[in-house]
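This report concerns only the one structure given below.
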Amino acid sequence: MAAASVALVAGCTAQAAGTGSTGGGGSASPSSSSPVEPSASASDSAEPEASPTADGKAPSPSPTLPTPEPSDSTSASTGTPASPAVLKDGDENERVRELQARLRQLGVFDRAPTGFYGTMTAGAVKAFQKKQGLPGTGSVDETTWQRLLGASRKPTADELKPSTTNALDAPAPACLTGRVLCISKESRTLAWMIDGKVVSSMDVRFGSENTPTREGTFSVGWKAREWTSTIYHTPMPYAMFFSGGQAVHYSSDFAARGYAGASHGCVNVRDRAKLAALFDQVKVGDKVVVHW
């Protein structure tokens, strides 16, 4: 349906997490309560200045030994004393990504690997340590790492960097029939489903506490490939409106800042290419289910 033929005020845009709203967009429950691990980068530490030798020449720097990569080996015995932490809160590297992928295989980490060791990763490590009868420190020492290697397999490339960051939630019963945009606030995902089967999926975010996204069963009322919010005057590409001014649409802010922000009620999608393909498949009248 052509956007120009619809006489209503519509649109919502991004806002910083935890901020209020001056109006518009719609209302329902927040996604900001779902914890996410913030991205972080390790700070560089300065090398100490070398003292000159007796002949006045600067000494050759001592080579830095690389940290050896662990190999898949048998798990350590329960009685092995804990060794210093190999991975801990605040670390960010590819070893953390592998840790998260292995924990996800075992069902104790329910997000895709990010490479950053935060509170969610620490909680998953504690859960694994408890199952193994190890001290629940939340940090990975050598004993924990060896146990993990013995309990899991080497992650595939898709497990390390899956196309959809968040694992799909179990669909609500209303999602199991017909053509449905099944949107879960719990897993922060949108699954395009036809007769109970997932055709495609993508990450989404929602409104803040003050401008929440409404929950319930709706239908796509109208679509606009290019649309600018009449309230906030910001672009809303590939907008599919389902409840007043609330719509599923691409968000450049979500793509740039992730879950550090929130919408004013709309369902933001960060993968433009995926949403563009979905936009061409969804028809006016298709069902939209927003649930926890």
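Read-outs throughout are calculated quantities, based only on the coordinates presented, and are distinct from any laboratory measurement. Given the structure is predicted, the values throughout are model-derived calculations rather than measurements. Because the Cβ atoms are built from the backbone with ideal geometry, glycine has one as well, and the counts that use them run over all protein chains shown.
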Q. For the pair residue 256 and residue 105, how long in nm is the line joining their label points, each one 7 Å along Cα→Cβ?
A. 3.9
Q: Take the cross-link list 88/161; 161/274; 130/274; 161/283; 126/185; 161/223 and give me the ones stretching past 28 Å between alpha-carbons.
A: 130/274; 161/283; 161/223
(Q) Modelling each spin label as a point 7 Å along the Cα-to-Cβ direction, I'd like the residue 158/residue 186 distance in nm, to one decimal. (A) 2.4
Q) Whole-Hz Karplus ³J(HN,Hα) for the range 101-115, in order, using 6.51 cos²θ - 1.76 cosθ + 1.60 and θ = phi - 60°, x for Gly and Pro? A) 5, 5, 5, 5, 4, 8, x, 10, 10, 9, 10, 6, x, 10, x
Q) What is the spin-label model distance, in nm, from residue 177 to residue 142 if the labels are put 7 Å beyond Cα along the C-beta direction? A) 6.0
Q. Dipole magnitude of the range 125-187 about its Cα centre, charges +1 at Lys/Arg Cβ and -1 at Asp/Glu Cβ only, in debye to the nearest 20?
A. 100
Q.
Could you give the length gained by full extension between residue 200 and residue 284, i.e. 0.36 nm per residue of separation minus their alpha carbon distance, to one decimal place?
A. 28.4 nm
Q: Estimate the FRET efficiency between residue 130 and residue 273 by the formula 1/(1 + (r/R0)^6), using the beta-carbon distance for r and 45 Å for R0, to the nearest 0.05.
A: 0.65
Q. Taking the alpha-carbon centroid of each part, what is the distance from the range 95-162 to the range 217-292 in angstrom?
A. 34
Q: Report the GluC sites (Glu not before Pro) located in the range 118-200 that are in a DSSP loop and have at most 16 other Cβ atoms inside 10 Å of their Cβ, or state none.
A: 186
